[in-house]
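Some notes on the structure that comes next.
The values are calculated or read from the model by the stated rules, or taken from the named source; none is laboratory data. Because the structure is predicted, anything quoted here is derived from the model rather than measured. Every residue, glycine among them, receives a Cβ derived from its backbone with ideal geometry; neighbour counts consider all protein chains shown.
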Amino acid sequence: MYTEVSNNLLEFIQKSPSVFHVVNNIKEELKLNDFIELSEGIKWNIEYGKKYYVTRNSSSIIAFKVGKDLDDYSFNIVASHCDSPTFKIKDNYNIEINKKYIQLNIEKYGGMIYSTWFDRPLSVAGRIIEKNNNQYVSKLINIDKDLLLIPNVAIHLKKDVNSNSKYNEQIDLLPLYGTLENKIDFMDIVAEYGGVEKHNIISSDLFLYNRMKPSIWGMSGDFISSPKLDNLQCVYSTLNGFLTGENSKSINVYSCFDNEEVGSGTKQGAASTFLEDTLKRINDCLGKTNEEYLCSLTSSFMISADNAHAVHPNHPEISDPTNRVYMNHGIVIKHNANQKYTTDGISSALFKEYCNKSDIPYQNYTNRSDVPGGSTLGNIASSKVSIKMVDVGLAQLAMHSSYETAGLKDTYYMIKVVEEFFNSRLKETESGVLNIIK
């Protein structure tokens, strides 16, 4: 059971080398489950009991199921993010070294562990913009070959390489592409894999990705390792819980946002109007008033899902003394007094009840009090849509490495809890009094 689910997750990750591929793969899964595609630029016609999805920038997606009995309704929402730290290919990409080597010019996207990108096969994926007559068409591109490598400097030539090395993004992290003697222009390869004429490529959003294959490993196969576990593990598990969960008295919503790793402040990020616009359009298309919409928010709930830091076996001292989380020990509920995570007493209690009802373990996480830690999309999204919200995740090691590690069981755990959440409906009967209704 756990192995099958993890293998499916790792297959999904391998098919998702860029955010654009992630969203496209989600779309394909939604289509297989009879979801109807909507466009933000065309009027919506929404019917009770049907299922829909809409994308923005081809890198964020929101899907929803409309209940059949919505006289008194609420929104059940899960949110995750599909981007991971990586490197973006710059325009004017060629750098020649001593008339011998060719490198590609890159810039970093998000915060990453630089050393994990060295000495491993890399390639490029994303989208290209093709001019076709008077149309500008986006096309997915994945150069499915070992194309690049960022070489380390030998210890003989850099004696302090193991002593807190610092890396310069413009010098140390440029990937080696080829030799000048056998030069093939990078955009020729992009055009070949994109099935387009090179002169028709007007622009692109292309990123490096790690070509190392995912693995299930350990003495008893307890662990999974892969690129992009943060946050495709949550993207995949919440999607599957959403697809199987069902209730007639709520609007169940699955959302996946781009650009969390760089602050979410884009038109397709959690700080944008994408979620708010979508919820209001659903409300309007169903003939509900603005007051009914505002009333619905009091009984609505969001699960913000983004992975969490497991106790490190070599450095347990960097974790909080009492709120420690471990891989394969259940879903992590994330707390922060300064609201970098949105969890409070009410949302924590509600999520624990979903876990109990689905017989899934949970654990509580906080940073050490002297470590500020990171944040996620929950508190950002709540500034746009003011509802009850909990930040949760799955425990992992080496977050923001190019090859991360998590527990074999935890993907299954998240699927089951999210399914239970979508099978239920929250109702605030009076201020401070909540019921979970099946």
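If you check 402, 348, 375 for being surrounded by fewer than 21 Cβ atoms within 10 Å (Cβ to Cβ) and part of a loop (DSSP other than H, G, I, E, B), only one passes: 375.
Table: residues versus (1) under 29 Å from residue 358 (Cβ atoms); (2) of a type in the set (Ser, Thr, Tyr).
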site	(1), (2)
214	yes, no
238	yes, yes
260	yes, no
284	no, no
290	no, no
308	yes, no
314	no, no
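Within segment 156-172, one or more residues are among the charged types (D, E, K, R), in contact with an Asp or Glu (Cβ under 8 Å, 6 or more places away or on another chain) and at negative phi.
Here residue 27 qualifies as modelled with pLDDT of 95 or more, among the basic types (Lys, Arg) and crowded, with 17+ Cβ neighbours inside 10 Å. In segment 150-175, the residue that is farthest from residue 94 (Cα to Cα) out of those that are hydrophobic (A, V, I, L, M, F, W, C), surrounded by 11 or more Cβ atoms within 10 Å (Cβ to Cβ) and out of contact with any Pro (no Cβ under 6 Å at 6 or more places or on another chain) is 161.
Can you pull out every residue in segment 61-93 that is surrounded by fewer than 15 Cβ atoms within 10 Å (Cβ to Cβ) and among the polar types (S, T, N, Q)? Result: 92, single match.
Report whether or not residue 204 is part of a strand (DSSP E or B) and surrounded by 17 or more Cβ atoms within 10 Å (Cβ to Cβ). Here the answer is yes, as residue 204 does meet what is asked.
The residues listed here are 114, 101; of these, the one that is more than 26 Å from the chain's Cα centre (by Cα) and among the aromatic types (Phe, Trp, Tyr) is 101. From the list 179, 244, 238, the one residue that fits, being surrounded by 20 or more Cβ atoms within 10 Å (Cβ to Cβ) and of a type outside the set (Lys, Arg), is 238. Scanning segment 390-413 for residues that are hydrophobic (A, V, I, L, M, F, W, C) and over 18 Å from the mean Cα position of the chain (by Cα) returns a single hit, 408. The residue list 130, 169, 96 contains one member that is outside the structural domain of residue 13 (by TED's automatic domain parsing) and closer than 21 Å to residue 210 by Cα, which is 169. Scanning segment 138-149 turns up no residue that is farther than 30 Å from residue 199 by Cα, buried (at least 20 other Cβ atoms within 10 Å of the Cβ) and either hydroxyl-bearing (Ser, Thr, Tyr) or touching a residue at least 40 places away in the same chain (Cβ under 8 Å) (or both).
Can residue 353 be described as within 30 Å of residue 267 (Cα to Cα) and either in the same structural domain as residue 332 (by TED's automatic domain parsing) or crowded, with 20+ Cβ neighbours inside 10 Å (or both)? So residue 353 fails the test. Only one of the numbered conditions (1) under 21 Å from the mean Cα position of the chain (by Cα); (2) over 25 Å from residue 324 (Cβ atoms); (3) at pLDDT below 95 is violated by residue 374, and that is (2).
The residues of segment 405-438 that are of a type in the set (Ser, Thr, Tyr), within 24 Å of residue 245 (Cβ to Cβ) and part of a strand (DSSP E or B) amount to a single one, 429.
The number of residues in segment 237-272 being hydroxyl-bearing (Ser, Thr, Tyr) and within 22 Å of residue 36 (Cβ to Cβ) comes to 6. Restricting 78, 124 to residues that are modelled with pLDDT of 95 or more and outside the structural domain of residue 201 (by TED's automatic domain parsing) narrows the list to 78. From the list 90, 65, the one residue that fits, being at pLDDT 95 or above and more than 19 Å from residue 279 (Cα to Cα), is 90.
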